[in-house]
1. Determine, yes or no, whether P345 is over 27 Å from S450 (Cβ atoms) and part of a loop (DSSP other than H, G, I, E, B).
2. Please indicate, with yes or no, whether at least one residue in segment 220-233 is within 29 Å of T301 (Cβ to Cβ), without any contact (Cβ under 8 Å) to a residue 40 or more places away in the chain and buried (at least 20 other Cβ atoms within 10 Å of the Cβ).
3. Identify, by number, the condition in (1) in contact with a Ser or Thr (Cβ under 9 Å, 6 or more places away or on another chain); (2) free of Cβ contacts under 8 Å to residues at least 12 places away in the same chain; (3) part of a loop (DSSP other than H, G, I, E, B) that R371 doesn't meet.
4. So, in segment 478-491, exactly how many residues are within 18 Å of M534 (Cα to Cα), part of a loop (DSSP other than H, G, I, E, B) and at pLDDT 90 or above?
5. Would you call G226 in a loop (DSSP other than H, G, I, E, B) and out of contact with any Phe, Trp or Tyr (no Cβ under 9 Å at 6 or more places or on another chain)?
6. Take the residues in segment 238-268 that are of a type in the set (K, R) and over 30 Å from Y409 (Cβ atoms), then tell me which one is farthest from the chain's Cα centre (by Cα).
7. Read through the list (1) at pLDDT 90 or above; (2) assigned by TED's automatic domain parsing to the domain that holds V216; (3) not in a helix (DSSP H, G or I), then give the number of the only condition that A153 fails.
8. Give the residue, chosen from K349, K312, K294, that is among the basic types (K, R) and in contact (Cβ under 8 Å) with a residue 24 or more places away in the chain.
Amino acid sequence: MQVNILFPINAEAFTYSVPEGLEEKIKPGMRVLAPFRRGKKVGIVVGMDNSVGARRGLALNDGTDHRVAPSEKEITLKPLEEVLDDEPLIPENLLKLIKWVGEYYMSTSGLALKNAVPAGIFEGKKGGKGRIVYDEKVVPATAVNLTWEQQTALSEINKAEAGAFLLHGVTGSGKTEIYIRAIEASGDKEAIVLVPEIALTTQIIDRFRSRFHDRVAFFHSGLSPGERLTQWRKIRDGKVRIALGVRSAVFAPFKNPGLIIIDEEHEASYKQFEGLKYSARDVALARAKIEGIKIILGSATPSIETYYHAGKGKLAFLELTHRIERKPMPRVEIIDMTRAEKGSPAYSKKLLGVLRENLSAGRQSLIMLNRRGYSPFLMCVDCGYTYKCPACSITLTYHKDTKTLKCHYCNSFLKPQDVCPQCKGINIKFIGLGTQRAEEELGVLLPELSLKRMDRDTTRKKLAHYRIVKDMEDRKIDVLLGTQMVARGHDFPDVTVAAVVFADVALNLPDFRSSERTFQLFTQLAGRAGRGDMHGEVYIQTYEPGHYVFDYVLNHDYAGFYRKEIELRKELSYPPFSRLIRIVFSFRNKEDAVKIMKDVSKKIQDSRFKIQDSNIEILGPSPAPVEKIRNYWRWHLVLKGKNAKALRQAASRILELIKDIGSIKSDIDVDPINML
């Protein structure tokens, strides 16, 4: 008897023989201990068969691991050593999903397994005691009367046996209440609830605990490996009914799920940018289809692709056009910084006056500047020298708290000198704005307010997100200033002013999605204001007030923005009118990169290099917009076409061209959302 064993490594399954004493015990989904190279490794049984070489990976008795079976000689398989479980640990439905992820993202099932199952499962760890302490007294959920729109949407969801729904509701329209009631109506079925980042889990955790108490398991980056393992086992053992968390929660090992919910489905953080580049939203859609269950994608600003597919009938469309209790949407004002009187480099006098007035009225404010650090770069005004990362082709950002220049790509840092390294001059100036500088200026201009900053630098420590959000809820903070974290999903009833300090950061990036992301971000921030009893106001400072995005942000007009954007996408044949695969080639040497990519480009254009689908367009290869990262010089090409399978075949052909080139690394991204 033979079994196929999958290990949490970048490889497909390996085939082993099963000793007689273990044949009756072994089943797919169980952990086994198997010889691997010169040691032993714990893997998962993913298949059982009686033909030698049925899988691509073979573990042979010669002490080597072969990806492809030798064709004309007798093979002796290594035997398994031990079966570690009495029953399957990984449910069959999750094994199917893991296989799909490996294939769709042109990766391996082993790497998908590594992302889906905590490392402690393979290391034999038991889990850890939770160090995150939530409020012991959960405020009981008060009865909420649904609006007519909520009732209609919920009715459509509840009467369906399966299928995908887009819940498009303006900010503050009560989408979370629909999520909760849909779960309640699903009987004994289990549910997965995804939120885009840890900052959002704080409030939604309290909301779900008030309704479902201890029947919820939480997954987010604030958990230690031991805590994650404990939560995973709770899900696997059926001790909870709901898995709520960020990206990896899509792999929750439920045996009987009935509903998946993707809150803020448009968020880029659902995409993993390192290693296996999967999208949790798209994996969730695949899981719902594989298991024949319901999935709800919720957002006030859906991705262009999702909204388009809903219009084509691929998702059922549900809409909430009004806020709860018919509360008005906040008024939006665009402040033209080319004309406005400035109170400081970061703030117009108009915005400072609004913040001062809001403070005196006892209300709270949110301020967003989507750029970390103190200043994007230091410049010598005598010779123009700027500090750049030696490993990446970007300028270094100055962080005043640590007095260092940091690279936000490779995390390297250095101490700036008092004199210019190039001309030895002393006229070195801070150029541009970051959250640290905006915080410092506001603290000087309005010293009477209680100010807190929320960005990646202030939320590195465990529980940092949780404490900041709790302080806002308890009104210990007058103004919360930060990056896009402050714009995402929070519900602070006393926030009546929301502001963008420098709106131009993301407007003109070399990415076809830059306008969409900017519109989503500003609309989401606007949605944080006026959710309580008082009317909300939004102020957006920009040096480019004529950009078309602002026309739609002013009126909270998603439909208008969509019509504008979809025409541009259609003209350029970008998603949703095509699919994309991006391949990034990396080199240690810049000259090698130019020479090799010129040769690869010729081979791609060669008539002998045939792609089955003639509708596939190849853009590049060319230097990537960020040409150097972590000492690797980067080139990329983009494959564009309508057929996903044909695109993957074409990408495989291109990878075949470079497989024998030792000095090149390749990285593939299916359905990329970052083109930099």
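1. Numbers: over 27 Å from S450 (Cβ atoms): no; part of a loop (DSSP other than H, G, I, E, B): yes.
It is false that P345 is over 27 Å from S450 (Cβ atoms) and part of a loop (DSSP other than H, G, I, E, B).
2. Yes: segment 220-233 contains one or more residues that are within 29 Å of T301 (Cβ to Cβ), without any contact (Cβ under 8 Å) to a residue 40 or more places away in the chain and buried (at least 20 other Cβ atoms within 10 Å of the Cβ).
3. In the conditions (1) in contact with a Ser or Thr (Cβ under 9 Å, 6 or more places away or on another chain); (2) free of Cβ contacts under 8 Å to residues at least 12 places away in the same chain; (3) part of a loop (DSSP other than H, G, I, E, B), R371 misses (2) alone.
4. Of the residues in segment 478-491, 1 are within 18 Å of M534 (Cα to Cα), part of a loop (DSSP other than H, G, I, E, B) and at pLDDT 90 or above.
5. Details: in a loop (DSSP other than H, G, I, E, B): no; out of contact with any Phe, Trp or Tyr (no Cβ under 9 Å at 6 or more places or on another chain): yes.
Judged against the criteria, G226 is not a match.
6. The qualifying residue farthest from the chain's Cα centre (by Cα) is K239.
7. (3)
8. On the way: K349 fails: in contact (Cβ under 8 Å) with a residue 24 or more places away in the chain; K312 fails: in contact (Cβ under 8 Å) with a residue 24 or more places away in the chain.
Of the residues listed, the single one that is among the basic types (K, R) and in contact (Cβ under 8 Å) with a residue 24 or more places away in the chain is K294.
The values are calculated or read from the model by the stated rules, or taken from the named source; none is laboratory data. Predicted model, so just to flag it, every value in this text is computed and none were measured. No Cβ is skipped: glycine too gets one built from the backbone with ideal geometry, and neighbour counts run over all protein chains shown.
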